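The structure appears right after this line, and notes come after that.
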Amino acid sequence: MKSLTSLGLGIVLWLVAACAPAQAPRELVVNGRFAFSGDSPTGWSIANEVRGKGKIVQSADMRRAGRAVLELAPNENNKPGPQPLGLGQLVPAAELRGLTLHASAWLGARDGATMVIGVAVLRKNGSVAASGNLRRTSTSTGALEPFETEIDVPAQSDIETIVIFAAVEGQQGRGFVDDLSLRTKTNVAASPTPPAPVAGRPAAAAIRARIEVDAARPGRAVPREIFGTNVEWIRDGNGLWNRAESGIDKRIIALTRTAGVSLIRFPGGAWSDYYFWRDGVGAPPASRPRKPLYPGDKEQSQHVFGTDEALAFARAVGGRLLITVNAGSGTPELAADWVRYVNGEGGKSPRVDRVEYWEIGNELYHKGDITGGSLPPERYAEKVLQFVAAMRAVDPTIKIGAIGLENFGRLQFNSYPDWNRIVLRAVADKIDFFAVHNGYAPIAAATEGADPADVYAAMLAYPILAGRNLETNARQIAEASPSHAGRIKLAVTEWGPLFAVDPKSRWIDHVKTLGSAVYVSSMMKTMLDSPQTDVANFFKLSEHGFMGWIGRRGGVPTANASLMAFELWSRHFGDRLVASRTESPTYDSKPIGWVDRATGIPYVEGSASLVGDGRRMRLIVNNKHLTQPAEVAIALKGFRAAGNAEIRLLSGEGPDSHVGTDMPRVPGLTWGRQANMPGGNGFDRGRPEAISVTTSTAAATADGIVVTLPPTSVAAIEFQRAP
């Protein structure tokens with residue numbers, strides 16, 4: 001490996017001058033994925049002396065997991081010398097003295113360029129005490145490949161700063177870098193670094209867990225429809241429609257496509273049972289009518305985001321629609337005409353956007369339904385039969401679902417406790433799926449004075465309770481209609497983290513935190529573990545307020561932590577489940593808001609899967625402990641691993657950390673001051689680098705690997721099968 005000095009000390013010196021020191025976060029590199037990029041990526045400094053030596057941009061040509069990577073394109077001014085085209089950042093080194101650092105990155109180069117990642121440990125006088133680098137010389141394709149090295153930080157008291165830089169050598173071609181990481185190496189294999197200890201406190205000891213995977217015991221196929229979301233017609237599709245461009249926002253399309261969303265529920269939520277689809281078709285969007293969101297509402301929205309726009313959005317992101325028809329104020333004929341408009345008479349539409357899934361109504365079992373369409377279960381069952389007959393007369397091949405909700409625990413949202421039994425007995429032979437509307441949203445109602453640690457612990461326990469409720473719904477289907485029990489699937493058409501709905505609540509904006517992301521990952525496991533759950537739609541994709549998994553930072557659509565966790569499942573999990581068993585320390589949660597007390601909740605949980613022909617195995621592992629890392633031993637049976645395992649780690653500075661999306665300014669509305677975890681101000685310090693997804697590789701034995709997960713984190717791990 002070429003030494004740092006071959007590049008000259010000049011590059012180190014200009015980085016020291018150009019970079020402003022920053023506190024060392026858990027992941028030492030800030031924005032190592034270059035996810036917040038342009039020609040001057042957030043967290044990185046570029047010296048004025050190198051700005052004329054080429055361009056630093058995001059590459060649309062080279063991608064990893066659907067994301068752009070950073071591209072450095074040198075020109076004739078990038079002559080050999082101490083200051084090549086590049087960028088860098090500084091990390092304080094006082095707390096890193098005597099430790100070993102692990103540097104890794106995915107690098108590519110083409111057309112004569114050489115891509116270089118360098119790490120230099122500096123003394124107070126500016127001299128280099130230790131260094132290491134990664135080099136990728138030019139190849140015909142420039143394809144990205146993983147590189148890694150280690151640097152021992154001397155223990156001397158004069159060690160002050162670490163410089164990290166990415167640079168390109170040559171006067172032509174292009175260099176590429178992604179997933180650049182620098183972490184403290186632990187003494188177990190493949191160990192993402194636990195958080196740096198807080199000054200004056202000892203580092204938290206790791207809990208220990210074990211996951212045993214048996215690849216010889218395959219489970220069910222992973223249904224792609226489980227990676228769904230919700231969008232709404234109101235308020236320009238909650239930002240999906242860009243009025244300035246008279247089209248769907250391209251930035252949201254890119255984020256949604258990258259996230260791997262497969263099924264998009266439209267036109268609501270709550271608005272479905274007062275939605276008249278003809279208002280949103282035909283005329284140009286700017287000429288369509290404005291209508292109240294629900295009967296008597298003072299707010300009105302224009303129907304710029306209608307059926308055709310929703311279909312186009314689904315097509316653009318590589319997904320399909322699930323349509324919820326108006327069963328409150330609508331009629332069977334209106335629903336049948338909607339099927340005809342989309343799918344054509346007899347299902348023979350010239351469109352390429354045929355809609356297979358249709359849901360009858362939203363939450364009509366709730367007497368407080370905002371549309372005023374609430375009705376008892378007997379009347380709803382009659383409507384279902386009428387709607388099914390009319391809709392299937394147009395297209396007999398569609399899949400139709402009825403709605404239900406089984407009250408459990410402290411949540412009593414269904415006004416009719418016997419709703420599920422009555423409806424299922426009446427319509428089971430006519431439907432294909434039963435849409436469970438519990439929401440699985442652990443609201444922290446009436447808990448303004450609660451300890452944030454207790455609130456988060458209750459939320460992370462909630463997926464266990466949700467899993468039991470799914471089992472209850474599946475049993476109800478079997479009891480109501482045994483002959484249809486295996487055919488009727490469960491659909492969780494609204495789910496996601498939700499703490500509060502009162503704008504003044506100190507929890508209102510916590511749906512975007514790292515803790516909520518771990519909840520998302522745990523719920524994905526819960527639904528995949530439910531054999532009859534084939535459809536799921538998180539709530540919701542985009543919103544100007546607090547519930548969107550795509551939020552806004554300075555007006556720019558930005559993926560929140562929950563969407564990052566979702567992407568690990570949709571993009572980095574396999575096609576078929578395999579048996580696994582987890583042994584983990586447990587905890588008991590307190591009753592909080594709508595969430596019951598739960599006991600025996602494992603801190604660590606994992607799911608395993610095979611990809612395609614079985615040559616690759618993928619696991620997703622959650623650490624729900626709020627303050628302690630988890631050392632997890634993964635033992636493989638029926639699958640002999642070879643080479644390096646690839647690890648994608650979602651982690652951050654604490655359970656309440658987030659990427660810095662902001663709340664909208666609404667005249668006359670004041671948002672509540674948000675809660676922070678004890679001993680810190682993690683929520684108040686939200687910013688892009690507070691949460692990251694880093695990629696690393698580590699050697700695995702034939703039988704498995706040991707990984708260390710930071711507190712409140714999610715890891716997606718991929719193994720290659722030995723020949």
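Need one number: nm distance between label points at ALA702 and VAL57, each 7 Å from Cα along Cα→Cβ, rounded to one decimal.
Between ALA702 and VAL57, the label points sit 5.0 nm apart.
log10 I(q)/I(0), Debye, Cα-only the range 229-365, no solvent, q = 0.09, 0.20, 0.21 Å⁻¹?
Listed by q, the Debye log ratios stand at -0.24, -1.28, -1.40.
Can you give the extra length, in nm with one decimal, that the chain gains between ARG475 and ALA143 once fully stretched, where that is 0.36 nm per residue apart less the Cα-Cα distance?
Here the answer is 114.4 nm.
Taking neighbour Cβ counts within 10 Å as the exposure measure, how do TRP277, TRP233 sort from fewest upward?
TRP277, TRP233
When the Cα centres of the range 368-426 and the range 323-365 are compared, how far apart do they sit, in Å?
Going from one Cα centre to the other spans 16 Å.
Measuring from label point to label point, each 7 Å out along Cα→Cβ, what is the LEU99 to ARG251 span in nm?
A separation of 3.4 nm, rounded to one decimal place.
Would you calculate the separation in nanometres between label points at ASP353 and ARG410, each defined as 7 Å from the Cα along the Cα-to-beta-carbon direction?
So the label points at ASP353 and ARG410 sit 4.3 nm apart.
Ranking TYR357, TYR440, TYR416 by Cβ neighbours within 10 Å, fewest first, what do you get?
TYR416, TYR357, TYR440
I'm a student and want to see the number: the projected area of the Cα convex hull of the chain, averaged over all directions, in nm².
Convex hull of Cα atoms, orientation-averaged projection: 31.7 nm².
Based on the mean of other Cβ atoms within 10 Å per residue, sort peptides 466-479, 497-510 so the most packed one is first.
497-510, 466-479
For the range 602-723, what does the equivalent ellipsoid look like in terms of its semi-axes, each the square root of 5 times an eigenvalue of the Cα gyration tensor, given largest first in whole Å?
Equivalent-ellipsoid dimensions as semi-axes: 37, 15, 11 Å.
Relative to 2.2 N^0.38 Å, what does the C-alpha radius of gyration of the range 462-589 come to as a ratio? Two decimals please.
Dividing the Cα Rg of the range 462-589 by 2.2 N^0.38 Å gives 1.21.
Could you sort the peptides 404-412, 283-291, 334-342, 690-698 by per-residue average Cβ neighbour count (10 Å cutoff), highest mean leading?
The densest-packed peptide leads the list: 690-698, 334-342, 404-412, 283-291.
Rounded to the nearest 0.05, what FRET efficiency do ASP279 and ASP429 give with R0 = 41 Å and r taken as the Cβ-Cβ distance? Could you check?
E(calc), rounded to 0.05, equals 0.75.
Which of HIS484, HIS102 comes first, and how do the rest follow, when ranked by fewest Cβ neighbours within 10 Å?
HIS484, HIS102
Give, rounded to the nearest 20 debye, the magnitude of the charge dipole that the chain has about its Cα centre when Lys and Arg contribute +1 at Cβ and Asp and Glu contribute -1 at Cβ.
780
Do the sum for the chain: with -39,500 (n - 2.57) for every DSSP H run of n ≥ 4, divided by all residues, what is the mean residue ellipticity at 222 nm, to the nearest 500 deg cm²/dmol?
That calculation yields -6000 deg cm²/dmol at 222 nm.
Round to the nearest 0.05 the FRET efficiency obtained for GLU299 and ALA221 when R0 = 35 Å and r is the Cβ-Cβ distance.
That pair, GLU299 with ALA221, gives E of 0.20.
Gap in Å between the Cα centre of the range 465-505 and the Cα centre of the range 106-158?
Comparing the Cα centres of the range 106-158 and the range 465-505, I get a distance of 50 Å.
To two decimal places, what compactness ratio does the range 224-576 give when its Cα radius of gyration is scaled by 2.2 N^0.38 Å?
Against the compact-globule rule of thumb, the ratio is 0.94.
How far is the Cα center of the range 508-539 from the Cα center of the range 249-293, in Å?
23
For ARG208 and ARG315, compute 0.36 nm times the residue count separating them, minus their Cα-Cα distance, and round to one decimal in nm.
34.1 nm
Read-outs: derived from the displayed coordinates by stated rules, not from any lab. Worth saying up front: this structure is predicted, and the values here are computed from it rather than measured. Every residue, glycine among them, receives a Cβ derived from its backbone with ideal geometry; neighbour counts consider all protein chains shown.
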